[in-house]
Every structure is written in C-alpha cells, then in structure tokens.
Amino acid sequence: MDYTEDQKARLRSEFAVRRRRQLFLSIPLAVFMIVILIMLDDKSKAPILGLPPSVVVVVFAVVMIAGIGFSLVNWRCPACRRYLGKHINPSFCHRCGAPLR
C-alpha cells in the first residue's frame with residue numbers, strides 16, 4: 001500500500017512510542033528476572049525480602065505473565081495492528097509493508 005508523507009510520519013511516530021514502551025518494559029523486567037533467579041538459586045529456604053520463596057515464585061510468575069500480555073498488546077504494527085514478532089527495531093512491517101523507521 002502506498003502511504004502519503006503525512007501517513008508515513010504518523011506511522012513512524014506511533015512506532016517510536018510503541019518501541020519506547022517496549023524497551024521501558026523489557027529492561028526492568030529482565031533485571032527483575034535476573035535478581036529473582038539469583039535469589040531463588042540460594043539453596044537455603046530463607047525468606048527473600050521477608051517473603052517465603054513460594055510467594056516470590058508466584059509474584060514472579062504474575063509479573064512475567066503481565067509483561068508478556070502487555071508486550072502482545074503493545075508490539076503491533078500501527079497500520080495493520082498485526083504482531084511485529086521478535087524484532088526489536090524493524091524498519092517496516094513484514095505483513096503490510098508500512099514504514100516504521
């Protein structure tokens with residue numbers, strides 16, 4: 001599909017917002033995951049941050065599921081609303097060909 005320059009600018013702008021949100025989600029989520037896995041790797045059954053390990057595992061699972069859900073909703077092409085896949089910085093949508101950068 002051919003896009004006007006205004007449409008291309010709008011698509012690029014919307015993609016930039018979506019990409020920024022995706023990065024703001026993925027970086028803290030990765031750090032959280034690493035910290036929790038290091039804490040759970042401790043062989044003792046000592047409380048983690050004052051909570052039993054079973055509660056920490058449930059909180060970890062809920063946070064990860066929420067992050068994945070947000071990513072599935074956020075990481076979509078602004079033109080066709082299809083999921084963009086695993087690429088963090090695509091230059092165009094692989095489904096509709098909309099310019100993203």
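Coordinate-derived values only; no laboratory data. Keep in mind it's a predicted model, so treat the numbers as computed, not measured. Neighbour counts are summed over all protein chains in view; Cβ atoms, including those assigned to glycine, are modelled from backbone coordinates with ideal geometry.
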> What span do the alpha-carbon atoms of the chain cover on each of the three principal axes, reported in whole Å from largest to smallest?
Replying inline: 61, 17, 16
>> As a footprinting exposure proxy, order E14, E5 by other Cβ within 10 Å, with the fewest listed first.
In response: E5, E14
> Which is farthest toward the positive dipole end of the chain among I27, S54, A9, measuring Cα position about the Cα centre, with Cβ charges +1 (Lys, Arg) and -1 (Asp, Glu)?
Replying inline: A9
> Taking only Cα atoms, what is the 0 to 90° angle, nearest 10, from helix 5-41's long axis to the longest principal axis of the chain?
Replying inline: 10
>> I'd like the distance separating the alpha-carbon centroids of the stretch 2-29 and the stretch 72-101, in whole Å.
In response: 9
> If each of R95 and I34 carries a label point 7 Å out from its Cα toward its Cβ, how far apart are those two points in nm?
Replying inline: 3.3
> Mind checking the angle between helix 53-74 and the chain's longest principal axis? C-alpha axes, 0 to 90 degrees, to the nearest 10.
Replying inline: 0
> Normalised by the residues of the chain, what does the relative contact order come to in percent, with Cα pairs under 8 Å and at least six apart?
Replying inline: 39
